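The values are calculated or read from the model by the stated rules, or taken from the named source; none is laboratory data. Remember, predicted model here, so these are calculated numbers, not experimental data. Counting neighbours? That spans all protein chains shown, and the Cβs are built from the backbone with ideal geometry, glycine included. In case anyone asks, the SASA skips ligands and DNA or RNA and just uses the protein heavy atoms, side chains included. Shrake-Rupley method; radii C 1.70, N 1.55, O 1.52, S 1.80 Å.
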Amino acid sequence: MNLGQRILIMGNSGSGKSTLARQLGERLDLPVVHIDTLYWQPGWLLNPKEQRDQAIQAVAEQPAWIFDGSKQLSQADTVVFLDINRFTCLYGVLKRWAKYYGKTRPDMTEGCAEKIDLKFLAYIWSWPARKRRNILNWMNELLPPKQGIHLKGRRAVRAFLAELN
């Protein structure tokens with residue numbers, strides 16, 4: 001399976017975007033960019049929208065990348081949508097929080113210690129109703145010539161990775 005040189009991974013928080021991006025980056029020898037590093041400054045200060053958009057555009061213009069985030073980049077050769085149920089996503093976020101509590105995880109801006117609050121949990125819970133249909137519609141608009149991969153569940157993600165070996 002040829003995924004091309006520009007791979008966008010989309011999905012809810014806790015769906016496994018960063019993990020899949022790292023795994024694909026290692027297997028395909030492509031640079032990985034995590035959207036959270038473009039969104040946040042140390043201390044969980046949100047970068048201004050113009051600065052975020054410029055940083056994302058600079059990534060999009062590069063010849064090769066794996067981008068983990070829910071930003072729609074039409075420059076992608078392949079879009080991977082991790083359509084993971086909200087319970088699994090919540091579990092993933094709680095597991096990540098326990099692992100990195102008080103520390104900055106590798107896919108986050110340094111100085112942003114892992115945290116959880118009710119607003120973030122509500123965001124994860126409501127994400128499918130707010131975003132899922134839009135992502136599926138956007139993917140359908142891109143296809144063809146773009147490649148879309150819709151992975152429903154962790155088992156589908158494992159099978160996708162096994163197919164790349």
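Inspect segment 115-137 for any residue being open to solvent by 50 Å² or more (accessible area, probe 1.4 Å), more than 30 Å from Gly4 (Cα to Cα), without any contact (Cβ under 8 Å) to a residue 60 or more places away in the chain and of a type in the set (Lys, Arg) and give the result as yes or no.
Yes, because at least one residue in segment 115-137 is open to solvent by 50 Å² or more (accessible area, probe 1.4 Å), more than 30 Å from Gly4 (Cα to Cα), without any contact (Cβ under 8 Å) to a residue 60 or more places away in the chain and of a type in the set (Lys, Arg).
Across segment 27-59, what is the number of residues that are part of a loop (DSSP other than H, G, I, E, B) and free of Cβ contacts under 8 Å to residues at least 60 places away in the same chain?
The total comes to 5.
Identify, please: which residue in segment 120-146 is in contact with a Leu (Cβ under 8 Å, 6 or more places away or on another chain) and of a type in the set (A, V, I, L, M) and is, among those, farthest from Met10 (Cα to Cα)?
Leu121
Across segment 138-155, which residue is surrounded by the fewest Cβ atoms within 10 Å (Cβ to Cβ) among those that are in contact (Cβ under 8 Å) with a residue 24 or more places away in the chain and of a type in the set (Lys, Arg)?
Lys152
Pick from Leu90, Leu20, Leu3: which is in contact with a Phe, Trp or Tyr (Cβ under 9 Å, 6 or more places away or on another chain) and closer than 20 Å to Glu163 by Cα?
Testing whether each residue is in contact with a Phe, Trp or Tyr (Cβ under 9 Å, 6 or more places away or on another chain) and closer than 20 Å to Glu163 by Cα leaves just Leu20.
Would you confirm, using the coordinates I've provided, whether Arg158 is touching a residue at least 40 places away in the same chain (Cβ under 8 Å), open to solvent by 30 Å² or more (accessible area, probe 1.4 Å) and not in a loop (DSSP other than H, G, I, E, B)?
no
Tally time: how many residues in segment 100-154 are under 17 Å from Ser18 (Cα atoms) and of a type in the set (Val, Ile, Thr)?
Count: 4.
Name every residue in segment 111-165 that is of a type in the set (Val, Ile, Thr) and touching a Phe, Trp or Tyr at 6+ places or on another chain (Cβ under 6 Å), in order of residue number.
If the condition is that a residue be of a type in the set (Val, Ile, Thr) and touching a Phe, Trp or Tyr at 6+ places or on another chain (Cβ under 6 Å), then Ile116, Ile135 are the ones that fit.
Considering only residues that are under 27 Å from Leu136 (Cβ atoms) and either over 14 Å from the mean Cα position of the chain (by Cα) or not in a strand (DSSP E or B) (or both), look in segment 60-70 and name the one that is modelled with the lowest pLDDT.
Ser70
Conditions (1) open to solvent by 50 Å² or more (accessible area, probe 1.4 Å); (2) closer than 20 Å to Glu163 by Cβ; (3) touching a helix residue (DSSP H, G or I) at 6+ places or on another chain (Cβ under 6 Å); (4) of a type in the set (A, V, I, L, M, F, W, C), marked per residue:
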residue	(1), (2), (3), (4)
Thr37	yes, no, no, no
Leu73	no, no, yes, yes
Asn85	yes, no, no, no
Leu94	yes, no, no, yes
